[in-house]
Amino acid sequence: MKILIIGKGGREHALAWKLSQNPRIEQIYIAEGNAGCELLAKVKNIPLNQIDELLDFAKQHQINLTIVGSEELLVQGIVDKFQACDLKIFGPNQHAAQLEGSKVFAKDFMNKYGINTAKHQSFSDYAAALKYLEQINYPIVIKASGLAAGKGVVIAQNRDEAEVALADMLLEQVFGASGCEVVIEEFLVGVEASILAFTDCNVILPLISAKDHKKIGEGETGLNTGGMGVIAPNPYVTDLVQQQFMQEILAPTLAGIQAEQMDFAGVIFFGVMITQNGIYLLEYNMRLGDPETQAVLPLLESDLLTLFEASIEKRLEKVELSWHSGATCCVVLASGGYPEEYVNNLPIHGIKEFNQTDCQLFTAGIALQEQQFVTAGGRVLNIVAKGNTPLEARNKAYAAIQDIQFKGCYCRKDIGKVN
Ligand code: AMP
Ligand code: GLY
């Protein structure tokens, strides 16, 4: 079998690592991938990122299954285009992808299907949004409705900050068309969890929960990032929380996608907030999370190809997942300065030699220059360790980091630390 994975980060490397364990797969192409992915025997990167190019490639190379990692092409309708050519592809169609591509659409969906979410109002008119600011309490959350690579959310502590955020989005259009409509919503206090679930639109099958660490600084301080590390399972997702999640969020989401006839095979990523008043859905992402995938897949004992195939063939009902016991801790090694300015092309030492028991190294922002791996992005590498307990996983991950060196390497020291 030949597989095409679309994306270029640690998530796609982790997908290729897990899939390559299946002997039925002879070749995995990653578009565009990153230099470290090709350390896996069956993997080849291809430098394509446009839907039409990818479609041609899939036809020419007789790809049996395409898996879309990142969101942009999903929102542009890659799934519909592949399906129109009878090519098997895993991911939401353009209609369903709006649950991630438009926060206004997602909030309307949540309200329509009785899914608990922060109270909100949507605006595209600046004057109307300003007027609304008169009647609310602070802090408040302002979100660009469209895709903004995780940067489109502002937590405004007071009215001045809210006005600046609204002007940036609605007048200055700092997020382009993505910010032409905004959601203003109630600020929730609690602990976040990421839960990924496979669906074939008949059933929805959640994976083990995860806890992302989104801020650059320890103790959740400083700027938002794409994610600085993860532990799985999420220690705050108790059996009770999981049960509430299944009843109050998962089940009505499935009912909603069925009622709206969003027929697809894909992953829904639920970003939730566990509060003293219950569990709230913050957002849907319609794909696997990065770096959640890197922490969750090493715990999955079941074969991943079978899971993708069962989703596409609407056989998920028959799938029972098995999991390794214990926990994983994924620590992201980033370029100094990230998420603001940083320099690329710094030599990285230790990648090829990396060999730690119960540890995986997934590469993200790296390139190969004259046989030397160099930095090529903000989030450079992910180290994922498995342990019998979260503490053991954490200790192993931080010990393994010593084997990798590059100038300015930054990581948070508190990934997986539970207060
Ligand atoms: P989102 O893209 O909607 O998940 O928002 C990005 C991040 O902003 C979340 O992971 C939270 O940390 C924070 N956030 C979003 N909505 C809220 C909210 N209503 N209350 C508190 N924090 C929020
Ligand atoms: N870790 C958050 C995301 O994948 O969007």
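The values are calculated or read from the model by the stated rules, or taken from the named source; none is laboratory data. Note that the structure is predicted; figures quoted are calculated from it, not measured. Cβ sites come from the backbone with ideal geometry, for glycine too, and all protein chains shown count toward neighbours.
One table, with the values for the structure above:
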{"item": "Strands (runs of 3 or more DSSP E) enclosed by segment 219-327 - at least 2 residues per element that are in contact with a Cys (Cβ under 8 Å, 6 or more places away or on another chain), of a type in the set (Val, Ile, Thr) and within 16 Å of ligand 1 (Cβ to nearest atom)", "result": "229-232"}
{"item": "Yes/no for ILE155 being within 30 Å of GLN242 (Cα to Cα), away from ligand 2 (no atom under 16 Å from the Cβ) and among the β-branched types (Val, Ile, Thr)", "result": "yes"}
{"item": "Number of the exception - ALA129 against (1) in contact (Cβ under 8 Å) with a residue 60 or more places away in the chain; (2) in contact with a strand residue (DSSP E or B) (Cβ under 9 Å, 6 or more places away or on another chain)", "result": "(1)"}
{"item": "One residue from ALA144, ALA167, ALA193, ALA148 being within 16 Å of ligand 2 (Cβ to nearest atom) and surrounded by fewer than 20 Cβ atoms within 10 Å (Cβ to Cβ)", "result": "ALA148"}
{"item": "Enumeration of residues in segment 54-86 that are without any contact (Cβ under 8 Å) to a residue 60 or more places away in the chain and of a type in the set (Asp, Glu)", "result": "ASP56, ASP80, ASP86"}
{"item": "Matching entry among THR293, THR275, THR253 (being buried (at least 23 other Cβ atoms within 10 Å of the Cβ) and outside the structural domain of LEU74 (by TED's automatic domain parsing))", "result": "THR293"}
{"item": "Qualifying positions in segment 160-190 - among the acidic types (Asp, Glu) and part of a helix (DSSP H, G or I)", "result": "ASP160, GLU161, GLU163, ASP168"}
{"item": "Selection from segment 202-226 of residues that are on the phi > 0 side of the Ramachandran plot and either without any contact (Cβ under 8 Å) to a residue 12 or more places away in the chain or touching a Ser or Thr at 6+ places or on another chain (Cβ under 9 Å) (or both)", "result": "GLU220, GLY222"}
{"item": "Number of positions in segment 309-335 that are in contact (Cβ under 8 Å) with a residue 40 or more places away in the chain and under 25 Å from ALA393 (Cα atoms)", "result": "14"}
{"item": "Residue satisfying all of: in segment 319-336; farther than 26 Å from LEU305 by Cβ and out of contact with any helix residue (DSSP H, G or I) (no Cβ under 9 Å at 6 or more places or on another chain); surrounded by the fewest Cβ atoms within 10 Å (Cβ to Cβ) among these", "result": "GLY336"}
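Results for (1) in a strand (DSSP E or B); (2) at pLDDT below 95; (3) on the phi < 0 side of the Ramachandran plot, shown as yes or no for each residue.
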position: ASN22; (1), (2), (3): no, no, yes
position: ALA31; (1), (2), (3): yes, no, yes
position: GLU53; (1), (2), (3): no, no, yes
position: PHE57; (1), (2), (3): no, no, yes
position: GLN62; (1), (2), (3): no, no, no
position: LEU73; (1), (2), (3): no, no, yes
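Here is a yes/no grid of residues against (1) in contact with a Cys (Cβ under 7 Å, 6 or more places away or on another chain); (2) under 21 Å from GLY219 (Cα atoms):
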position	(1), (2)
GLU340	no, yes
ILE348	no, no
ALA376	no, no
VAL384	yes, yes
ALA400	yes, no
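Matching residues to (1) surrounded by fewer than 17 Cβ atoms within 10 Å (Cβ to Cβ); (2) over 23 Å from the mean Cα position of the chain (by Cα):
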residue	(1), (2)
LEU48	no, no
LYS59	yes, yes
ALA84	yes, yes
LEU87	no, yes
